[in-house]
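Single-structure report; data block below.
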Amino acid sequence: QVQLQESGPGLVKPSQTLSLTCTVSCASITTNYYWTWIRQPPGKGLEWIGYAAYSGGTYVSPFFKCRTSISRDTSKNQFTLQLSSVTPEDTAVYYCARDQNGGSVYDYWGQGTQVTVSS
């Protein structure tokens, strides 16, 4: 019954900031889960980006260093991803998902949204 839905632009120009929102239905993001962003570039495997924890804390993979910010809005039951200075290598399908225990065990996923970085 839990549903997650990604929203945001499908096309972003190089050097711009990608902003995506995950809207969660039938569950509160303040419940004890880790609300996670994951992406899959074409021809590659899944890449873990980071999460907004139920406690309010956030964590971003060191791989993305200072390019990525994750936040949440509990009043809207949403969490967001901002990826700055994008390049064509950021082209991917971006997913939001619920991690049930913080150990990359995902019981619910969004459908994913295609993001293309191109001029």
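The values are calculated or read from the model by the stated rules, or taken from the named source; none is laboratory data. Source: prediction; values computed, not measured. Don't worry about glycine lacking a Cβ; one is built from the backbone with ideal geometry, like all the others, and counts go over all protein chains shown. Surface areas here come from the heavy atoms of the whole protein model, side chains and all, with no ligands, DNA or RNA. Shrake-Rupley method; radii C 1.70, N 1.55, O 1.52, S 1.80 Å.
With the full set of protein chains in place, find how many percent of the accessible area of the chain is carbon and sulfur; take the probe as 1.4 Å. Roughly 46 percent of what the probe reaches on the chain is carbon or sulfur. Per residue, the chain exposes 52 Å² of accessible surface when a 1.4 Å probe is rolled over the protein heavy atoms with every protein chain present.
Each Cα pair under 8 Å and six or more residues apart adds its sequence gap; the mean of these over the residue count of the chain is a relative contact order of 35 percent. I'd like the distance separating the alpha-carbon centroids of region 1-41 and region 94-119, in whole Å. If you average the Cα positions of each part, the centres end up 7 Å apart. For the chain, the list of Cys residues with no other Cys C-beta under 4.7 Å reads C26, C66.
A cut-off under 15 angstrom between Cβ atoms defines the neighbours of A53, and their net charge, with Lys, Arg +1 and Asp, Glu -1, is 0. A cut-off under 13 angstrom between Cβ atoms defines the neighbours of W109, and their net charge, with Lys, Arg +1 and Asp, Glu -1, is -1. Label sites at T116 and S15, each approximated as a point 7 angstrom past Cα along Cα to Cβ, lie 2.2 nm apart.
When the Cα positions of V86, Y33, A52 are compared along the charge dipole of the chain, V86 comes out farthest toward the positive end, with charges on each C-beta of Lys, Arg, Asp and Glu. Each Lys or Arg adds one and each Asp or Glu takes one away; over the other residues whose Cβ falls under 12 Å from the Cβ of L20, this sums to -1.
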